[in-house]
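Notes follow the structure.
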Amino acid sequence: MGFLAKNIGHRRILMPLHIAHSRRESLMDLLTYANNNVPYYEGRYDRFLSDAPALSNEDFYKAFAQTPVTTKQDLSDYNDRFQTRSLSGKIDLINDGAPPNALQALWSLFIRKNFKISISTGGTSGTPTYRWLDHHDANVMAQSFLESFHMNGWRRGESFVVYYPLQSYFTDTYATFNNWLHHLFGFCVVPFETVDRESVLRLLQTLQDRKTTLLVIFPCVLQRVAEIMKAENMPPYEGLKYINVSGEFFFDCSKAFIQEMFPNARIEITYGAVELGELAHQHGDSSFDYKVFNTYAYVEDGDHDAMIITSLQQQAFPMIRYQMEDKAHIVNDPDGTQYLMNLEGKNTDFLYGADGGKYYASFFNTMVNDLNAECTGNIIHFMMRHEGVRADLNFVLKEQNEAHQTYIIHESRKIIAETFPQFSDISVNFPDHFNHDYTRKFKIIGEGDGLSEVVGGYYKRKAS
């Protein structure tokens, strides 16, 4: 990446945020703006804003915690009311899903900066809702991604590649501007319809041609890329320094296998949401622990294993005390730094055990690690599907090994039967890989086919 990206793309178009405010000041600015300019929040914070200046820090946050919570149902029911009034005069950049031509896009995006754009959230219902971005909020979201890349080790001035499903997050539109994107921002998009030999070869060639240091990808997609590389006897790709994944969790066994195929890459995971942007990045070696981006988000404990998150910088479509149905333990350092520890993902993705406790993905990660300790790390992927009294345990092995299979069948059945007595019919399978619809989130534990939750980023429609 050269002069244009360093001096224009990342300094004039994607403008770094310069925020000197404390979190308290950021919250006050946000609430004042939303209270006066966003119909959904209008007048909601009159009392709080009147009382807040006289409150101590402790009392300020206690009072803020008493203000209303916003749910995804609210976002769906009152979507138009979340838009700031200033959006009404802006140009819908991708009207009805039709991308603009190159001149229109460049003029609206980078010269007039007078656009608005809508992207869909994910959702368990299969029917997404939407959020809107203008230039300011699009820049905030972009900067939150760049913050996660920076924590992964990447630096401005280095090239990166995004490998996402076709049409999600406008990948097909971006791909038509790849040369401009590469010169202005140092990145390009490689969209795919299916992850197969041809698409993997195209990805690897792009990484090489663009002298890429960072790959941005979903965990289940990265897993499949690594599986195909091994199955097709492709050599490990040594030229990649960093891999940033988000949107799903992957197990220790998957990460270890992927590391073999990308031996020099620092593989880390970021937590975020379409509604809020990127919020936190992996802290330490565990993919279940995260450090919150304090500039971008404030996180509170919610009821019923949920988190309440406020996006501190968004104005066009503010998310204030938005309830995320994800389970984590929130740790607050004395200096205000926040951590999400033992982040398990969606708070409904659990099974009740014989002891009445809730068992999430981390239980199965530990189970696979214990099995792998006796199988020389031969398990590289795991998935459980259940319905009624039936449980299907699926293990992908790096190498077929009858002794390992016998051991895994015996031990995994024993563990599941003892921990989850509701399953009387337990099968253990060893597929070569998992076929997956990449418009749906990959779930380690799933009822039925486990494909109920769509991924975000599809323009005003269901993922198909």
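Mind jotting down the distance between the C-alpha centroids of the range 190-246 and the range 294-326, whole Å?
With the range 294-326 and the range 190-246 each reduced to a Cα centre, they are spaced 33 Å.
Using modelled amide H (1.01 Å from N, peptide plane; none on Pro or chain starts), what sits under 5 Å from the amide H of residue 187, excluding residues fewer than 5 places away?
Excluding prolines and chain starts, which carry no amide H, the hits are 160, 182.
From the Cα gyration tensor of the range 226-309, with a ≥ b ≥ c the square roots of its eigenvalues, which class applies: rounded if a/c is under 1.5, or else prolate if a/b is larger than b/c, or else oblate?
Details: a/c = 2.88, a/b = 2.38, b/c = 1.21.
In terms of gyration-tensor shape, prolate.
Mind ranking 157-166, 364-373, 412-421 by how tightly packed they are, going by the mean number of other C-beta atoms within 10 angstrom, highest first?
157-166, 364-373, 412-421
Residue 192's amide H: which non-local residues (gap 5+, or another chain) put their own amide H closer than 5 Å, with H modeled 1.01 Å from N in plane and none for Pro or chain starts?
Those qualifying (amide H under 5 Å, at least 5 residues apart or on another chain) are 164, 166.
Determine, for each peptide in 350-363, 206-219, the mean count of other beta carbons within 10 angstrom over its residues, then list the peptides with the highest first.
Details: 350-363: 15.6, 206-219: 19.5.
Ranking the peptides 350-363, 206-219 by packing returns 206-219, 350-363.
Taking 0.36 nm per residue of sequence separation and subtracting the Cα-Cα distance, how much length would be gained by fully extending the chain between residue 330 and residue 437, in nm to one decimal?
The span from residue 330 to residue 437 would gain 35.3 nm if fully extended.
Which far-off residues, 5 or more places away or on another chain, put their amide H under 5 Å from the one on residue 267, with H placed in the peptide plane?
Correct list: 243.
Check cross-link reach from residue 113 to the lysines: straight Cα distance under 18 Å, and skip same-chain residues fewer than eight apart.
Within reach: 90.
Going by how many other beta carbons lie within 10 Å of each one, how would you line up 404, 436, 410, fewest first?
410, 436, 404
Starting from the range 295-374, pick out the GluC sites (Glu not before Pro) whose DSSP state is loop and whose Cβ has at most 15 other Cβ atoms within 10 Å.
374
With the cut-off at 1.5 for a/c, could you classify the range 351-447 from its C-alpha gyration tensor as rounded, prolate or oblate?
It is oblate, given that a/c is not under 1.5 and a/b is not larger than b/c.
Would you kindly state how much longer the chain becomes between residue 32 and residue 205 on full extension, computed as 0.36 nm times their sequence separation minus their alpha carbon distance, in nm to one decimal?
Using 0.36 nm per residue and subtracting the Cα-Cα distance, I get 57.3 nm.
In the range 60-82, whose amide N lies under 14 Å from the spot 7 Å out along Cα-to-Cβ of residue 47? List them in ranges.
63-69
With a sphere of radius 10 Å drawn around the Cβ of residue 65, what net charge do the other residues whose Cβ falls strictly inside it have (Lys, Arg +1; Asp, Glu -1)? Can you show the working numbers first?
On the way: positive: 62, 321; negative: 300, 301.
So the environment of residue 65 carries a net charge of 0.
Specify whether the C-alpha gyration tensor of the range 232-386 places it in the rounded, prolate or oblate class, a ≥ b ≥ c being the square roots of the eigenvalues: rounded for a/c under 1.5, otherwise prolate if a/b is larger than b/c and oblate if not.
Oblate, since a/c reaches 1.5 and b/c is not below a/b.
What order do you get for 28, 341 when you list them from fewest to most C-beta neighbours inside 10 Å?
Least to most surrounded, the residues fall as 341, 28.
Considering only Cα-Cα distances, which of the following residue pairs are longer than 30 Å: 211/443; 116/443; 72/116; 358/414; 62/116; 291/414?
Beyond 30 Å between Cα atoms: 211/443; 116/443; 62/116; 291/414.
Just report the Cα centroid separation between the range 45-83 and the range 385-414, whole Å.
48 Å
Please give the length that would be gained between residue 422 and residue 390 if that part of the chain were fully extended, namely 0.36 nm times their separation in residues minus their C-alpha to C-alpha distance (nm, one decimal).
10.7 nm
Each value in this text was obtained by applying a stated rule to the coordinates, not by laboratory testing. Please read these numbers as outputs of a predicted model, since none were measured by experiment. In this analysis, Cβ positions are derived from the backbone assuming ideal geometry, glycine residues included, and neighbour counts consider all displayed protein chains.
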